[in-house]
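The values are calculated or read from the model by the stated rules, or taken from the named source; none is laboratory data. Predicted model, so just to flag it, every value in this text is computed and none were measured. Reconstructed Cβ throughout: ideal geometry from the backbone, glycine too, with neighbour counts over all protein chains shown. Keep in mind that these areas ignore ligands, DNA and RNA; they rest on the heavy atoms of the full protein, side chains included. Shrake-Rupley method; radii C 1.70, N 1.55, O 1.52, S 1.80 Å.
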Amino acid sequence: MKVVISRRAELDIVEIATWIEQDKPRAAGRMVDRLIGAANALSRFPRRYPEIGHRGLPKRPVGNYVLLYRVDDVVSVARVIHAARDWVSLLDEA
């Protein structure tokens, strides 16, 4: 199945990398690679991860972050959010 990363999720990844890069430049690049790799891996088993209660989006954990995505004809990554943040309010902004 094809994986599409939304513009908002791309911006999330850039923000995550910028934040990590302040203290650990190499770690920022590794985290970006992990996040993109995890998103692409959803192509094989997109329904493997549980849905959150809000909007029925599955969540895929990656370190301290979660990928929130939709599964239709393609896997669409909607957001990439730190696990400690308030997902509901962030999704309502989108």
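Just going by the charge dipole of the chain, with Lys and Arg at +1 and Asp and Glu at -1 on Cβ, which of ILE16, MET1, PRO58 is farthest out on the positive end?
MET1
What accessible area per residue, rounded to a whole number of Å², is obtained for the chain using a probe radius of 1.4 Å?
On the way: 5860 Å² over 94 residues.
With the other protein chains kept in place, the chain gives 62 Å² per residue.
Within the chain, what whole-number % of the accessible surface is contributed by carbon and sulfur, with the 1.4 Å probe and all protein chains included in the calculation? The partial results should precede the final answer.
Working: 2960 of 5860 Å².
About 50 percent, which is the carbon plus sulfur part of the accessible surface.
Test of the criteria: in the range 1-54, which trypsin sites (Lys or Arg not before Pro) are in a DSSP loop and have at most 16 other Cβ atoms within 10 angstrom of their Cβ? Write down the numbers at each step before the final one.
On the way: sites: LYS2, ARG7, ARG8, ARG26, ARG30, ARG34, ARG44, ARG47, ARG48; in loops: LYS2, ARG44, ARG47, ARG48.
Passing sites in the range 1-54 are LYS2, ARG44, ARG47, ARG48.
Return an integer: the convex hull volume of the alpha-carbon atoms of the chain, in Å³ per residue. Working shown, then result.
Working: hull volume 8.4 nm³, N = 94.
Considering the Cα atoms of the chain, their hull volume per residue is 90 Å³.
Please give the charge dipole size of the chain, origin at the Cα centre, charges +1 on K and R Cβ atoms and -1 on D and E Cβ atoms. Round to the nearest 20 debye.
Details: 16 positive and 12 negative charges, 84 e Å.
Computed about the Cα centre, the dipole is about 400 debye.
How much net charge surrounds LYS59 when only the other residues with a Cβ under 10 Å from the Cβ of LYS59 are counted, with Lys and Arg +1 and Asp and Glu -1?
Taking every Cβ under 10 Å from that of LYS59, the sum is +1.
Quote to one decimal, in nm, the extra length available between GLU51 and ALA27 on full extension: 0.36 nm per residue of separation minus the C-alpha distance between them. All intermediate terms of the calculation are to be shown ahead of the outcome.
Values: separation 24, 0.36 × 24 = 8.64 nm, distance 2.88 nm.
So the chain would gain 5.8 nm between GLU51 and ALA27.
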